[in-house]
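K.L.:
Got a structure for you, written out below as structure tokens; questions coming shortly.
The values are calculated or read from the model by the stated rules, or taken from the named source; none is laboratory data. A quick note: this is a predicted structure, and the numbers were derived from the prediction, not measured. All Cβ positions, even for glycine, are placed from backbone atoms using ideal geometry, and neighbour counts span all protein chains on display.
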Amino acid sequence: AKVSEDRYYRTFAKKAVSLSGTPVPIDQEYARFIGENTPWLREVPSQILRNGAVRWKQSSTRFYAGLSRRPVFQRKDGRQSVWITSELFSFRYDEKTHTEELVLGTKKFPVGVLFFTAHTPYSRPASLHVSVEA
């Protein structure tokens, strides 16, 4: 949504002579995208939406610094990933199966459990990137 908003502002600035030279807003706001057309966003934890806005802001800042290309839409197929910060996950050990469990979500928005085997000792990370190849 942030990419399409950026495209809209840039196109509008090109076509409206009175707005030429007006900078495109680069912010981390996401609440305005939750509406009648996107009711499913209400089911997404606010921390995930915040993290997506932060990633967009970082990529825009890198673009304007000349370090990367402009943020673009990601394809539906291929690698999809989400940035999960520490308030959205916890670790626990299952005594029956002797495996570690990564519990994702909050009380209001439980997402699920991922099972894994820890081959080396680890400490609790500050954030995770969970990816899937679709």
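K.L.:
Give the range 41-51 a look and list any residue that's of a type outside the set (A, V, I, L, M, F, W, C) and either more than 9 Å from the chain's Cα centre (by Cα) or part of a loop (DSSP other than H, G, I, E, B) (or both), or say none.
P.N.:
Quick first cut of the range 41-51, residues of a type outside the set (A, V, I, L, M, F, W, C) only: 42-43, 45-47, 50-51.
If the condition is that a residue be of a type outside the set (A, V, I, L, M, F, W, C) and either more than 9 Å from the chain's Cα centre (by Cα) or part of a loop (DSSP other than H, G, I, E, B) (or both), then R42, E43, P45, S46 are the ones that fit.
K.L.:
For the list (1) touching a residue at least 24 places away in the same chain (Cβ under 8 Å); (2) not in a helix (DSSP H, G or I), I need the number of the one condition that V54 fails.
P.N.:
Looking at each condition in turn, V54 falls short on (2).
K.L.:
Restricting attention to the range 80-110, which residues are among the β-branched types (V, I, T), surrounded by 12 or more Cβ atoms within 10 Å (Cβ to Cβ) and either assigned to a loop (DSSP other than H, G, I, E, B) or touching a helix residue (DSSP H, G or I) at 6+ places or on another chain (Cβ under 8 Å) (or both)? Working first, answer last.
P.N.:
So in the range 80-110, the residues among the β-branched types (V, I, T) come out as 82, 84-85, 97, 99, 103, 106.
From what's left, surrounded by 12 or more Cβ atoms within 10 Å (Cβ to Cβ): 82, 84-85, 99, 103, 106.
The answer is V82, I84, T85, T106.
K.L.:
Further question on the same structure: Identify the residue in the range 113-128 that is exposed (fewer than 10 other Cβ atoms within 10 Å of the Cβ) and of a type outside the set (A, V, I, L, M) and, among all such residues, is modelled with the lowest pLDDT.
P.N.:
We begin by selecting, within the range 113-128, every residue exposed (fewer than 10 other Cβ atoms within 10 Å of the Cβ); these are 117, 119-124, 126.
Okay, now just the ones that are also of a type outside the set (A, V, I, L, M), so 117, 119-124.
Working: T117: 86, H119: 89, T120: 92, P121: 91, Y122: 89, S123: 92, R124: 91.
Selected residue: T117.
K.L.:
Given the condition in a loop (DSSP other than H, G, I, E, B), out of contact with any helix residue (DSSP H, G or I) (no Cβ under 7 Å at 6 or more places or on another chain) and surrounded by 15 or more Cβ atoms within 10 Å (Cβ to Cβ), answer yes or no: does some residue in the range 13-36 qualify?
P.N.:
Among the residues of the range 13-36, not one is in a loop (DSSP other than H, G, I, E, B), out of contact with any helix residue (DSSP H, G or I) (no Cβ under 7 Å at 6 or more places or on another chain) and surrounded by 15 or more Cβ atoms within 10 Å (Cβ to Cβ), which makes the answer no.
K.L.:
K76 - would you say it is in a loop (DSSP other than H, G, I, E, B), in contact with a Pro (Cβ under 8 Å, 6 or more places away or on another chain) and not small (G, A, S)? Break it down stepwise before answering.
P.N.:
Numbers: in a loop (DSSP other than H, G, I, E, B): yes; in contact with a Pro (Cβ under 8 Å, 6 or more places away or on another chain): no; not small (G, A, S): yes.
In short, no.
K.L.:
Mind counting the residues in the range 1-36 that are modelled with pLDDT under 75, more than 12 Å from A53 (Cα to Cα) and of a type in the set (A, V, I, L, M)?
P.N.:
Going through the range 1-36 one residue at a time, the tally reaches 5.
K.L.:
Still on this structure: Out of P45, P125, P39, P110, which single residue is more than 21 Å from E5 (Cβ to Cβ) and assigned by TED's automatic domain parsing to the domain that holds E5? Explain how you work it out, then say what you get.
P.N.:
Working: P125 fails: assigned by TED's automatic domain parsing to the domain that holds E5; P39 fails: more than 21 Å from E5 (Cβ to Cβ); P110 fails: assigned by TED's automatic domain parsing to the domain that holds E5.
Going through P45, P125, P39, P110 in turn, just one is more than 21 Å from E5 (Cβ to Cβ) and assigned by TED's automatic domain parsing to the domain that holds E5: P45.
K.L.:
Then there is this: Whether any residue in the range 61-72 is assigned to a helix (DSSP H, G or I), surrounded by 11 or more Cβ atoms within 10 Å (Cβ to Cβ), among the polar types (S, T, N, Q) and outside the structural domain of G112 (by TED's automatic domain parsing) is what I want to check.
P.N.:
Yes: the range 61-72 contains one or more residues that are assigned to a helix (DSSP H, G or I), surrounded by 11 or more Cβ atoms within 10 Å (Cβ to Cβ), among the polar types (S, T, N, Q) and outside the structural domain of G112 (by TED's automatic domain parsing).
K.L.:
Follow-up question, since we're still on this one. Out of all the residues in the range 82-102, which are of a type in the set (A, V, I, L, M) and out of contact with any Phe, Trp or Tyr (no Cβ under 8 Å at 6 or more places or on another chain)?
P.N.:
Within the range 82-102, the first condition is being of a type in the set (A, V, I, L, M), and the residues that meet it are 82, 84, 88, 102.
If the condition is that a residue be of a type in the set (A, V, I, L, M) and out of contact with any Phe, Trp or Tyr (no Cβ under 8 Å at 6 or more places or on another chain), then V82, I84, L88 are the ones that fit.
K.L.:
If you don't mind, another one. Give me the pairs: first residue in the range 115-134 and touching a residue at least 12 places away in the same chain (Cβ under 8 Å), second residue part of a loop (DSSP other than H, G, I, E, B), beta-carbon distance under 6 Å, and six or more apart or on different chains, which are they?
P.N.:
Sorted first by the residue in the range 115-134, then by its partner, the pairs are A134/D77.
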